[in-house]
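The values are calculated or read from the model by the stated rules, or taken from the named source; none is laboratory data. Keep in mind that this is a model prediction, so the values were computed, not measured. Note that each Cβ is placed from the backbone with ideal geometry, even for glycine, and that neighbours are counted across all protein chains shown. Heavy atoms of the whole protein, side chains included, go into the accessibility calculation; ligands, DNA and RNA do not. Shrake-Rupley method; radii C 1.70, N 1.55, O 1.52, S 1.80 Å.
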Amino acid sequence: MPITPVKIIKKLPRYGKDLITIIGCWIQSLFFKDKDKYRNAWLICERGIEAKDNGYTFFKYMREQHPERKVFYLIDPSQTDDYNRVKPLGNIIVYNSHEHRMALFFASHLISTHIGFITPWSTLLFKTFFRQSCTFVLLNHGITKEDMSDMLNKKTTGVDLFIAATRQEWETVALDKRYGYRQEDVALTGYARYDNWHNFKTRQQIVFMPTWRYYLVTRRIDDKNHPLLKENFMQSAYFRHINSLLNNTRLHTLLEKHHTQLIFYPHYEMQSGLPCFSCASPHIIFADKRTHNLPDLLKESLAMITDYSGVGFDFAYMHKPLAYYQFDQDEYYSKHYIKGNFDMEQNGLGEVVKTEQELLDLLEEWFAHHFQLSEKYEARINSFFTFHDNRNCERIYHAIIAYKKQ
C-alpha cells in the first residue's frame, strides 16, 4: 500500500480539519480542571472499540502489577463485551470523548496496537506540532513479515518505540534504513498477548482465519472503525475460493465423520462480508467478531487454516498445526502487501498449500495423526520465537521505562 502524492493530496482537507480541531481542543485544555489527573499518564488503546489484543493484555498487566502508574484504557462503551472486559480494571476513558481529547494533551505516553487510532485525529500531526515530548509506543498487532516500510516507517507514523515479537522482526525494522528507526527505538520483548498462550484446553474444532485484502475494502474517511467491502467483492478470487471451500462436500464429510466444527472467522476488515458467504453444512460456523472472542478461538482450536495472516504466529506459538492456504499469491503480493524477507514456504511455521485439493489432503492427514505437530514444524517454532514464557508484558514495561528519545 504505497504512499503516493495523490494519497497525500487527498488527505490535505482532512489534515486541515484535524488541525483546526486540535487547536480548539488545545485551547480548551488550558482550562481543563482534571489536568493533574492525566499529567504524565499512559494512555493505551487498540482500535477504540476492542479489548482483546496486546493493548488490553498490557493494560491488565499494568493495573495488576504496577497500580502506582497512571494508566488509562481508551474504549467505546457501546462495544459491550469488550468494555465489560476492561471495566473491572478501572481507569477507563470513553474513546473519542471530551475527556479523551483533553487527556492527550497531558499524557506522557501514547501506547497503541494500531497506527492512527490512539487519537481521534492525525496522530502524526498531533505529535509533530503539539506533543513532541510525548512518547508514542507501537505495541503492534501482527509480526512485520511483509515489506511494510512505507506504512510503518518512523516519519510516516510518528512512532518512537516499536515493540518487536521476534528476532526476525527486530532485524527487519531496526536494521532496514527504510523504516527509519535507530536500533534503540526497536525493543525485542515478545508481544503482550503471548503471555496468554500457555494455559488452554482445546475443543473439537478447527479455526479458518483468512486475512484481509486492501483492494477489496473501503471506508469513510471520518469513520476508521467500520470498513466496508467494495461492490465487486463477490467477483473477487478471495470470495470465490473461500466460498468454494466452505461448500466443498469432501470438507463437509470430513467434519461430520470426525464430529468437528470449522469456525470461519474472517479478518476484522472483512467481517462485513460474512453475509455474502453461504454454506449448508451444520459443522461450519460463521463467526462474527461481536459474538466470538478471538483469543478464545485461538486457544480452543485444534488447528488453524489461514492464508498469510500474522495470527498464524500466535497459533504456532501454542505448538499446534497450522496451514497457509494461499490460493492467490500473485494477486496478494502485487495488490496488497509487498513480499518481505520472511518466506512462508521456506521458513513458515506450517504447511503452504495452494489448491483446495491440497488443503483437504492436509486436513485428512491432521485427522489421521490426531493433530500432532510434526517434528519439522516443532523445530521451526522453537527456533523462531526468541522468548517462550509469560514475561512479555514485563519486558515491554521495562523497555518503555528505559526508553530515551533522540
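Details
- Summed side-chain charge close to Met344 - residues other than Met344 whose Cβ falls under 13 Å, Lys, Arg +1, Asp, Glu -1: -1
- Debye log10 I(q)/I(0) at q = 0.12, 0.20, 0.25 Å⁻¹ for region 118-186, Cα point scatterers: -0.29, -0.79, -1.15
- Solvent-free Debye scattering, log10 I(q)/I(0), computed from the Cα coordinates of region 268-354 at q = 0.18, 0.24, 0.26, 0.27 Å⁻¹: -0.99, -1.38, -1.40, -1.40
- Positive minus negative residues near Ser133 (Lys, Arg vs Asp, Glu; Cβ under 14 Å): +4
- Unit charges at the beta carbon, dipole of the chain: most positive-side option, Asn96, Ser309, Leu216: Asn96
- Pairs exceeding 24 Å between alpha-carbon atoms, taken from Lys289/Lys354; Lys145/Lys335; Lys87/Lys289: Lys289/Lys354.
- Hydrophobic, long helices, defined as DSSP H runs whose alpha-carbon span along the helix axis is 20 Å or greater and whose mean Kyte-Doolittle value is at least -0.5, occur in the chain at 5-29.
- Residues with amide H under 5 Å from that of Ala303, placed H, sequence gap 5 or more: Val207
- Considering only Ala399, His370, Met344, and ranking their Cα positions along the charge dipole of region 338-406 that arises from unit charges at the beta-carbon of Lys, Arg, Asp and Glu, the one farthest toward the positive end is Ala399.
- Estimated D of region 86-150 in µm² per second, where Rh is the Kirkwood radius over Cα pairs and Stokes-Einstein applies at 4 °C, 1.567 mPa s: 97 µm²/s
- FRET efficiency estimate (nearest 0.05) - Cβ-Cβ, Lys335 to Lys376, R0 51 angstrom: 0.95
- With all protein chains kept in place, the per residue accessible area of region 200-341 amounts to 43 square angstrom at a probe of 1.4 angstrom.
- Region 333-349 and region 82-158 have Cα centres spaced 28 Å apart.
- Extent along principal axes [Cα atoms of region 9-86; Å; largest to smallest]: 41, 31, 21
- Share of carbon and sulfur in the accessible heavy-atom surface of the chain [1.4 Å probe, %]: 52 percent
- Å³ per residue enclosed by the Cα convex hull of the chain: 141 Å³
- Debye, to nearest 20: dipole size of the chain, +1 on Lys, Arg Cβ, -1 on Asp, Glu Cβ: 1740 debye
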